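Have a look at the structure below before the remarks.
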Amino acid sequence: MGPRCRWGLMMGGALVAVFLAVAMTSRTAPMISLFGRTNKPCRCGDDTPKYSGMVEGCCCDYETVDRLNEEVLYPSLQELVRTPFFRYFKVKLWCDCPFWPDDGMCRLRDCSVCECPDNEFPESFKKPRILSSEAFVCQEGKPQATVDRTVDRKAFKGWTEVDNPWTNDDETDDAEMTYVNLQLNPERYTGYTGPSARRIWDAVYSENCPKYPSEALCQEERILYKLISGLHSSISVHIAADYLIDESKNLWGQNLSLLYDRVLRYPDRVRNLYFTYLFVLRAVTKATEYLEHAEYDTGNVNEDLKTQSLMKQLLFNSKLQAACPLPFDEAKLWKGQKGPELKQQIQKQFRNISALMDCVGCEKCRLWGKLQVLGLGTALKILFSGDDHQEHSSLDLQRNEVIALMNLLNRLSESVKFVHEVGPSAETTMEGQIAAPVTESCPFHRMWASIFNS
């Protein structure tokens, strides 16, 4: 034991009893303090929330978004996406990667997608062709979750066979389409990691997104980057919120370390999540007239009426209309002589991003990647593909686009809620671990710490 420790023990021994008495007294008399110390929590700086004021580029502030999301949007969207109409998504799960050979391997069985059994699928979505019994072998070993590879009839008012100019998928090629029950295939951790997974996002950002931040970027290019960053953040939040903690026990839970490392430690990623949420919300509110009169037909009259009622409750909610009537103002974009040329350029970049989803090596990741990129492409289509002077005249949506749009809005809503509720405590925990001092070797120092941390 060094001289410093011996001196500390001798001088501190006489004071230990006094300190213990003061510490015990402070438990019953909180106004008594040692050197001005009280039991009140320390406030370093002011009480201003980390994310406050207007969401950059939008027409709504963070506090209002969090409140409206908790009170209005989150509960409404949760109920809406569980209805038969929004539960099923038509997707090509087996596609050749147009950029490189697909060598991605998935480590967990949860990478695979369960498809829908014939007896649960809406009759109005079907065509007469029936699959062989071999087609109902589910990749996760759950026969009740297998998918019937059928195509739909015209079950959505305003159905059109015109492809979305913002996305790569050819929705008219029905022979390769598969219907998936999204409720049986949640977006969560799948074990899809490593070079193959990183290569997808590297290609998205390096080849198709403008370099950001950059003073040379125009407003439209900044928006494309923020949308992709916000979507990326939302996907990371869902992986962290539903993570495989123990594979041997099939134990799932929250991974706050991953949430911090991928999202919370980068404030711009959180801001971009909120931006993307408001951008997609604006697309939904702009399409109010179309969505209000759509026929949500699945053959189940009661469920279809419920779906239509839920949609109207969301679109015409008085709290939403009063607090955030215009989440994002798209009218200021694509101005000037180069506006049309710039729109074509960014459309091409987003189509490339859409095409990259076919290169995802994990089937379930590919499902949710394709759905959410289609949802974002649908939002872009609603906001930017029509005549600026005739807002609703040329809007035509496929049913799959509406399903993707509302499910994307729900995913973003879940991410915003999780970050708002869990983010502050996760940041405090993780930053506390990072900043934790090295344990002192002197017994007196350890005893001193134990007194004031009790």
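Return the subset of Lys312/Lys417; Lys50/Lys90; Lys306/Lys332; Lys50/Lys249 for which the Cα-Cα distance in this structure is over 29 Å, preserving the input order. Can you show the working numbers first?
Numbers: Lys312/Lys417 22 Å; Lys50/Lys90 40 Å; Lys306/Lys332 37 Å; Lys50/Lys249 37 Å.
Beyond 29 Å: Lys50/Lys90; Lys306/Lys332; Lys50/Lys249.
In what order, largest first, do Trp368, Trp94, Trp334 sit by accessible area if the probe radius is 1.4 Å? Display every interim value, and only then the final one.
Values: Trp368 10, Trp94 145, Trp334 35 Å².
Accessible-area ranking of Trp368, Trp94, Trp334, largest first: Trp94, Trp334, Trp368.
Figure the gain on full extension for Gln344 and Ile434 (residue separation times 0.36 nm, minus the Cα-Cα span) and round it to one decimal in nm. Could the numbers behind the result be given before it?
Numbers: separation 90, 0.36 × 90 = 32.40 nm, distance 4.57 nm.
Result: 27.8 nm gained on full extension.
Kindly state, to the nearest 0.05, the FRET efficiency for Asp96 paired with Asp396, given R0 = 22 Å and r defined as their beta-carbon distance. Don't jump to the answer; show the numbers that get you there.
On the way: r = 29 Å, r/R0 = 1.31.
Efficiency at R0 = 22 Å is approximately 0.15.
Considering only DSSP states other than H, G, I, E and B, which trypsin sites (Lys or Arg not before Pro) in the stretch 229-335 qualify as loop sites with at most 12 other Cβ atoms within 10 Å? Present the calculation step by step, with values, prior to reporting the outcome.
Numbers: sites: Lys249, Arg262, Arg265, Arg269, Arg271, Arg282, Lys286, Lys306, Lys312, Lys319, Lys332, Lys335; in loops: Lys249, Arg265, Lys335.
Of the trypsin sites (Lys or Arg not before Pro), the ones in loops of the stretch 229-335 whose Cβ has at most 12 other Cβ atoms within 10 Å are Lys249, Lys335.
May I ask you to derive the FRET efficiency for Ile245 and Glu79 from their Cβ-Cβ distance with R0 = 30 Å, giving the value to the nearest 0.05?
Computed FRET efficiency for Ile245 and Glu79: 0.55.
For a quick check of understanding: with a 1.4 angstrom probe and all protein chains in place, what accessible area in square angstrom does Ser248 have, to the nearest ten?
Per-residue accessible area (Ser248): approximately 110 Å².
The values are calculated or read from the model by the stated rules, or taken from the named source; none is laboratory data. Remember, predicted model here, so these are calculated numbers, not experimental data. Using ideal geometry, Cβ is built from the backbone for each residue, glycine included, and neighbour counts are taken over all protein chains shown. Each accessible area value is taken on the protein alone, full model and side chains, heavy atoms only, with ligands, DNA and RNA left out. Shrake-Rupley method; radii C 1.70, N 1.55, O 1.52, S 1.80 Å.
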